[in-house]
Amino acid sequence: MSKFLDFYKKVVETCISENSEQLVKFEKHVLKNGLRVILHQDKSTPLAVVNLLYDVGARDESPEKTGFAHLFEHLMFGGTKQVPNFDVPIQNAGGDSNAFTNNDITNYYSIVPHENLETALWLEADRMSNLLINQKSLEIQQKVVVEEFKETCLNRPYGDVWHQLGSIAFEVHPYQWPTIGKVPEHVENADLQDVTSFFDAYYQPNNAVLVIAGNIDFSDTLKKIEKWFGGIKSGKVPERKVPQEPIQKQLKRKENRANVPLDSLYMAFHMPGRGEKDYHAVDLLSDVLANGQSSRLYRKILKEEKLVSSIDCYVTGNYDPGLLIIEAKPAEGVALEKIEAAIWSELRKIKRWNVPITEFQKIKNKVESTLVFTEMSITHKAMNLAFYEAMGDAGLINQEAKKYQELKNTDIRRVAKEILVSENCSTLYYKAETKVE
């Protein structure tokens, strides 16, 4: 076993070393209609990935009409006049497709043999310009989304945690509701004019990033993109006017009771947005606290004190200022108040002393190895290039590892002292109303 671990360590170190010298190379083009195009060549794969990101997410919705970005993720597979079912020609071409929506973006991707790249381009261009939105397609997808809301949020234990936590952590910012929406009635009551207006506002070439990655020829691929997307007219995209969340100045608390197996504790701290200076420091702070069995909260509260059955810490990674969240489920007979007190005790320690250099370097290496292995996937590379271009610069993909490695242990203590304070915390006690047998 030790020989295997030594080998694994050497592989990771080699990958990190090579990655630090080899950048993710790409070409960027902008079509006349405003569509941003990123091309990345990888001759080692027989595949090509077509990733189309629309710069629209749940934060762009009206508080009275939420869940629309997620609804459109479904509507975009509803077909056009030319192609009644998007998936059939993709599958016939030997490929697969999927999509996801979050608070900031909506992302569609197809993976095909590189010989069939043009099929995927044609399909994406077709639904960008010819999506069939009628009463029948709307009603079908409304039922699907409402059923998903009920299944994941209303009928699943802890399913409404993000509704509960977001509503206390955010007062004005749209991050206060999850991607699926505030209530199912917002989607259920949407009319044809509502969804058509949403599509016309955001599903435009000048509000999108198209990334093609894989076994491609730059010149030939660009010609194909121009052929299928070049004739689509640009639209008038609304100016984004997201309200800025005021600085939280006092501890917020909420207790929610539901039919769940166990009590659960959630502590949310406001933190910098994805493109801000201290984002990476706070991200590493979350790893120091609860990433792996040697992390602070896991080692002390779970292994030593045995107060919890599970504990985790993570960041939401939003474009705008988001949250660092600590969540824990108690061991049998342990009150949430006792767990919360133990967590605050550990947070005070992280603010009092710098993380030892060896522990800190181990965390940084772990993050960098994760980045390296992620970039080995052509699909992930395509998604990340689109994500960073939507942030403002696809080249940011080549700066991530460096930003983590440049951090010092004093940075962790500094950001901990700034954000891990009671007045910046929103605490949710999610308590079991009745025990599930």
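Worth pointing out:
- Counting neighbouring Cβ atoms within 10 Å and putting the fewest first, the residues 108, 298 line up as 298, 108.
- Inter-part distance where region 376-407 and region 161-176 are each reduced to a Cα centre, Å: 28
- Under 14 Å from a label point set 7 Å out along the Cα-to-Cβ vector of residue 92, the amide N atoms of region 105-130 belong to 119-120, 122-123.
- Note on residue 241: lysines with a C-alpha under 22 Å away, same-chain residues under 8 apart excluded, are 65, 182.
- Local electrostatic count at residue 234 - Lys and Arg +1, Asp and Glu -1, tallied over other residues with Cβ under 13 Å: +3
- Burial ordering of 287, 87, fewest other beta-carbon atoms within 10 Å first: 87, 287
- DSSP-loop GluC sites (Glu not before Pro) across region 138-213, with at most 12 other Cβ within 10 angstrom: 171
- Proximal lysines relative to residue 306, as straight alpha-carbon distance under 20 Å, when same-chain residues fewer than 8 apart are discounted: 329, 338, 349, 431
- Extension gain for the segment residue 135 to residue 197, taken as residue separation times 0.36 nm less the Cα-Cα distance, is 20.9 nm to one decimal.
- Ranked 313, 153, criterion: other C-beta atoms within 10 Å, fewest first: 153, 313
- Length released on extending from residue 254 to residue 354, taking residue separation times 0.36 nm less the Cα-Cα span: 32.8 nm
- Within region 236-266, trypsin sites (Lys or Arg not before Pro) in DSSP loop having at most 13 other beta-carbon neighbours inside 10 Å: 236, 240, 241, 249
- Estimated FRET transfer efficiency (residue 240, residue 399; beta-carbon r; R0 22 Å; 0.05): 0.35
Read the figures in this text as sums done on the coordinates, not as results from a lab. In this text, all values refer to a predicted model and were calculated from it rather than measured experimentally. Every residue, glycine among them, receives a Cβ derived from its backbone with ideal geometry; neighbour counts consider all protein chains shown.
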